[in-house]
Every structure is written in structure tokens, then in C-alpha cells.
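The values are calculated or read from the model by the stated rules, or taken from the named source; none is laboratory data. All figures in this text were calculated on a predicted structure; none of them were measured in a lab. We place every Cβ from the backbone using ideal geometry, glycine too, and count neighbours over all the protein chains shown. When the accessible area is computed, the model is the full protein with side chains, heavy atoms only, and any ligands, DNA or RNA have been set aside. Shrake-Rupley method; radii C 1.70, N 1.55, O 1.52, S 1.80 Å.
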Amino acid sequence: MRRTTSQSDRRSFIKYVGAAGTLGLAGCVGQDPSDDDGDGSSVVIGSNHPLSGSLGGTGTRMDNAVQLAAMMKNENGGIESLDGAELEVISEDNQGNQELGGEVTDSLIDDGADVVTGCFSSPVTNAATRAAERAGVPFVISVSVDDAILQDNDLQYAYRPQPPASQMAVDHAELMPQVIRDAGREVQTAGLYYINIDFGQSVRDSLRAELPNQDIEIVEEVSIDFGETADTAVTQLADADPDVVIATTYEAETVELVRAMDNQDYAPPFIAGCANEALNDVGALEEMGETVEGALPTNFALNPTLDRASEVRERYESEFDESFDANVAMTYAATEVIIAGIEEAGSSDPEDINDALSEIEVSDHIAAMPPISFDENGENENALAPLFQVQDLDDRVVFPEEYAETEIDL
């Protein structure tokens, strides 16, 4: 059965609380992934992420998040509705290459994946979701913000727990100036610095639409390609003299921005980020140093008010000896949604899992956002990108208040 597209049919949500479980200790290896007859002996999650290339560091962390969520579910008895069936994660490398997005999805499904997640890069995810659609296998996006992935395609098997670019921009345009103005400071102009690919362009376009609604004029826009220096971009930003520079870039390009700013002795009143991974990664923050102290990014976030979320973070850092960033948090939460769908379906059959995902409401997740449920496009109806502030070179959620772990310091 395909997902219903009638909003009125979706008002009675399946409530799911608790399938993510609590912490324990065991492995995540299931039984034979070729067992796809729905008898519950194993359920296989396919992880389609960049494990090599320029995005390999981030992609590997995201893949580790999928592995950990499955591991922790197995440690606590497996899928209860399938008599303790274990989860298995099979992973393949898309190298951040659009052409491989669909191929990797096809390969994972051929190898027994009952549900797939990925991919980080929006063009790769676009190809991957189309492949899953053709195969009739549900695909839960871990991280990819381009609106077009779901909103320009009639996909019945794709779901996105995170906010898309348009919602990221709405949240950033509302939250960032609000906290600055509430602190008695002024923000009237902005400069945009973005990676020149679908991801950066889609967020840029949304910021163009949303910032004027908050009485902020965009006075400069500069882009950067992979491997480029930011010297010219910073010169242009300095000449425009905006109150805030908003960076929508990957880690390397954000680090390059800060290097060029330091070299040119340029410091805008405020640095911000919209869907910027570097400003939510402790390792990158330490590399960039005092220049980014006080920066105001919006991104997906681990809910700092939940004890279980803190336990997951500690377990991840202990298990993999690497930092737990925003992309890891969202990928883990996306895997919690997958697990919730499997529990509710009581089946390893992709159609049954898809039916469950189309109507589910997941309250027990670690992301800093309300319960996750999906509209007719597969978008999370309650998606939120909270505001952080970099304090002591660590990312701290500061707004909205219900998710804040500390107060804003301006």
C-alpha cells in the first residue's frame, strides 16, 4: 500500500514512545540479511553515506550514528514486536558522488536492506530516494536539506525528520535576530557566504526570502567552491560591512572563511551559520579558535534537556572516539524513527514499514524538536532548527527556551 496523501486521513497518529530503549551493552549484528520473508528473524537497515572523499569524515560519523542506534536497540532486547528480532546495519560508500547515490541504494536493497537511510549531500540523496522509490523500499533521510528532494517529486517511500532548507532559513531568520535584539544589540544587514552547490544555493534562496521579513537587508552574497580560498569572498564581505555574516558551508569552507578573516583582520559584529556543520563541531571550533567565539548558528541539535540524549552522546564518543556533532545527532534521531517504524509495523516487510512510517508520531527521540510526524510530502510537520551559541568553543543550545541548556551571552 502506498502512503496516503490525504491530510485528513493522517490526523490519528500512531503514538510511538520508547522503542529506542535505554543503554546497555551488546553487538548489532543480526541474522542473515537475505531473510526478507517478514518472519522477524532479522531486520536490515541500509546506510548510504559518504565514507571517503572530502565528505568522508562527516559521512563516517553519520554512519556510526546509525550503527550505534541499532546496537543500543539490540542491547535492550531488539524489536519487541518481532519477538526480539535484531537489527543489522549494512553500509556502503557513496563517496559524495551523485551518480553513486542511486547505485548504492540499489546495492543495499539487493543485499537485503528493508529500509534505507542517507545521504548528507542533497544531490546524492535526490538520486538515492528515487532508487528506493523504484524498489518500493522506505528511505528515511538522515541529513539533506534541499527542499526539492521531497517537494518537487511525488515520492511515496521517502521521509525527512530534519527541517529542509526553507524551514532552516525560517528558523534562522526568526531566532538569530530575535536573541540579538533582545540583548539590546542591533542587526539590520547581512552578508551571505555559501557553498556553491545545491545545498548552499537552496539555503541561500530561502534566506533571501526570509531575512527581509525580519527587517534584515542582504548587502552581499559570496559563494565558494570546493577547494577554493575565501580571500576574495572576505574582501567583498568586509567592503559591504554587514552586521552579521551568515555561513552556509561545510567544515572545510567554514574553516577557510575564518582563516581569511583572520588574515585580513576582519571581524563583523556577529558571525552566524545556517545549516553549518563546522559551527556545531567541537573539533572544528577548536581549530577556528577565538574568531568564532559567540557565533550564532542554527542547526539540528541533540536535546540537551534529556538525560538519555546525554547518555547517547557519551556512548558515541566512547565507542568511536570522535566528536558528536549536529549531523550525528540528526542521523541518530532519523534511525530512531526507522526503529519506531519497524516496531509499529511488527514486520520486516518494506511495505509494512512504509505504512507505519506514513502515520507514525515519534515522541521518544533525542533531537531538540517536538514529536516527529510526517505530512503528505514526507516532511516532518514539527521540524525545528534551534539556535546555538558558541561558548568556550563549544556549541550550546540557547533558544527556544524549552531546549536551552544555557543563556545567551552577547
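Read through the list (1) open to solvent by 20 Å² or more (accessible area, probe 1.4 Å); (2) in contact (Cβ under 8 Å) with a residue 12 or more places away in the chain; (3) over 22 Å from residue 369 (Cβ atoms); (4) not hydrophobic (A, V, I, L, M, F, W, C), then give the number of the only condition that residue 304 fails.
It is condition (3) that residue 304 fails.
Hey, does region 126-139 have a residue that's polar (S, T, N, Q) and under 28 Å from residue 313 (Cα atoms)?
No, region 126-139 has no match at all.
Residue 305 passes all but one of (1) in a loop (DSSP other than H, G, I, E, B); (2) within 24 Å of residue 59 (Cβ to Cβ); which number fails?
Here residue 305 clears every test but (2).
Could you list, ordered by first residue, the pairs with Cβ atoms under 7 Å in which the first is in region 159-173 and free of Cβ contacts under 8 Å to residues at least 60 places away in the same chain and over 23 Å from residue 338 (Cβ atoms) and the second is hydrophobic (A, V, I, L, M, F, W, C) and outside any strand (DSSP E or B), at least 6 apart or interchain?
173/207; 173/211
For region 370-410, how many residues meet the condition of being of a type in the set (A, V, I, L, M, F, W, C), out of contact with any Asp or Glu (no Cβ under 8 Å at 6 or more places or on another chain) and under 24 Å from residue 153 (Cβ atoms)?
Here the count works out to 1.
Considering region 231-250 alone, what residues qualify as being open to solvent by less than 70 Å² (accessible area, probe 1.4 Å), in a loop (DSSP other than H, G, I, E, B) and without any contact (Cβ under 8 Å) to a residue 60 or more places away in the chain?
If the condition is that a residue be open to solvent by less than 70 Å² (accessible area, probe 1.4 Å), in a loop (DSSP other than H, G, I, E, B) and without any contact (Cβ under 8 Å) to a residue 60 or more places away in the chain, then 242, 243, 249 are the ones that fit.
Consider region 42-70. How many of its residues are outside any helix (DSSP H, G or I), surrounded by fewer than 24 Cβ atoms within 10 Å (Cβ to Cβ) and at pLDDT below 95?
Qualifying residue count for the region: 3.
Quick one: residue 336 ticks every box in (1) in a helix (DSSP H, G or I); (2) open to solvent by 10 Å² or more (accessible area, probe 1.4 Å); (3) under 16 Å from residue 79 (Cβ atoms) bar one, so which box is it?
Among (1) in a helix (DSSP H, G or I); (2) open to solvent by 10 Å² or more (accessible area, probe 1.4 Å); (3) under 16 Å from residue 79 (Cβ atoms), the lone unmet condition for residue 336 is (2).
Which one of 228, 287, 253 is within 26 Å of residue 146 (Cβ to Cβ), of a type in the set (Asp, Glu) and in a helix (DSSP H, G or I)?
That would be 253, the only listed residue that is within 26 Å of residue 146 (Cβ to Cβ), of a type in the set (Asp, Glu) and in a helix (DSSP H, G or I).
Being surrounded by fewer than 24 Cβ atoms within 10 Å (Cβ to Cβ), in contact with a helix residue (DSSP H, G or I) (Cβ under 8 Å, 6 or more places away or on another chain) and under 19 Å from residue 334 (Cα atoms): is that true of residue 156 here?
yes
Condition check ((1) within 15 Å of residue 95 (Cα to Cα); (2) aliphatic (A, V, I, L, M)) across all residues:
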{"position": "109", "(1), (2)": "no, yes"}
{"position": "116", "(1), (2)": "no, yes"}
{"position": "123", "(1), (2)": "yes, no"}
{"position": "127", "(1), (2)": "yes, yes"}
{"position": "137", "(1), (2)": "no, yes"}
{"position": "148", "(1), (2)": "no, yes"}
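Here's a check for you: in region 347-384, which residue that is farther than 17 Å from residue 400 by Cβ and polar (S, T, N, Q) is surrounded by the fewest Cβ atoms within 10 Å (Cβ to Cβ)?
Checked region 347-384; the qualifying residue surrounded by the fewest Cβ atoms within 10 Å (Cβ to Cβ) is 363.
Working carefully through the options 187, 137, 145, find the one that is in a loop (DSSP other than H, G, I, E, B), touching a helix residue (DSSP H, G or I) at 6+ places or on another chain (Cβ under 6 Å), open to solvent by less than 30 Å² (accessible area, probe 1.4 Å) and farther than 24 Å from residue 278 by Cα.
The conditions single out 137.
Only one residue in 395, 375 is over 30 Å from residue 184 (Cβ atoms) and touching a residue at least 12 places away in the same chain (Cβ under 8 Å), so which one is that?
After ruling out the rest, the residue left standing is 375.
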